[in-house]
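One structure is given here, and the rest of the page talks about it.
The values are calculated or read from the model by the stated rules, or taken from the named source; none is laboratory data. Predicted model, so just to flag it, every value in this text is computed and none were measured. FYI the Cβ positions are ideal-geometry reconstructions off the backbone, even for glycines, and counts take in every protein chain you see.
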Amino acid sequence: MKVKVRFSGIMIFVFLFLSLSLLATADLVEAASDQEQKLKREARVSVKVNIPIFQRLEIIEKPNINYAFLMDNYNGSREIVLEEALTIEVLSNADWHLRLNNRNLNSHAMIRKSGQSDSEWQNLNSTTAKFNGENGEQRITFDLKFILDQSSRAAVNNLALDLRHSLAPELY
């Protein structure tokens, strides 16, 4: 693959060099100035390059849900919040849309970008959480919230995150 890329790059460079040198020696446009009688040469080249969209998502840090820790720190509340529990890195040469979903239907999970307000939690189970970003390399950290069934304290044992994602370019 590297050989093909280098060979293609060299061929494009040679083609552009030869094209420009031919255009520089050809008399495409000649205009005589009445005052100074100098010849003027002009050449224009227009190049359009289509670069394919490249995107990569890598999970840097997965949530480590330690049930013993959760049970030791469980205070009877309905929610367990794990701050900075998930870190991902997105590499893209186009603006992007990220969709996240939890396939484990036994737990009710919510997600938000770390540092966002409490009103910006998004559901991971019944709907898909949606995030946007710009081109480049971005490292994003997320907070997770698990909402427990009030009728059963054993619901903590069902906490799990089976995360699925979809990364798509923003085309319009």
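Of everything in the range 44-65, what is surrounded by 12 or more Cβ atoms within 10 Å (Cβ to Cβ) and modelled with pLDDT under 80? Give them in sequence order.
P63, I65, listed by residue number.
So, in the range 103-118, how many residues would count as being under 19 Å from the mean Cα position of the chain (by Cα) and within 9 Å of L161 (Cα to Cα)?
Qualifying residue count for the region: 0.
Select from the range 140-172 the residues that are among the charged types (D, E, K, R) and either modelled with pLDDT of 90 or more or surrounded by fewer than 16 Cβ atoms within 10 Å (Cβ to Cβ) (or both) and write down the one among them that is farthest from G76 (Cα to Cα).
Among those that are among the charged types (D, E, K, R) and either modelled with pLDDT of 90 or more or surrounded by fewer than 16 Cβ atoms within 10 Å (Cβ to Cβ) (or both), it is E170.
Answer yes if at least one residue in the range 123-139 is of a type in the set (V, I, T), part of a strand (DSSP E or B) and surrounded by 13 or more Cβ atoms within 10 Å (Cβ to Cβ), and no otherwise.
The answer is no; no qualifying residue exists.
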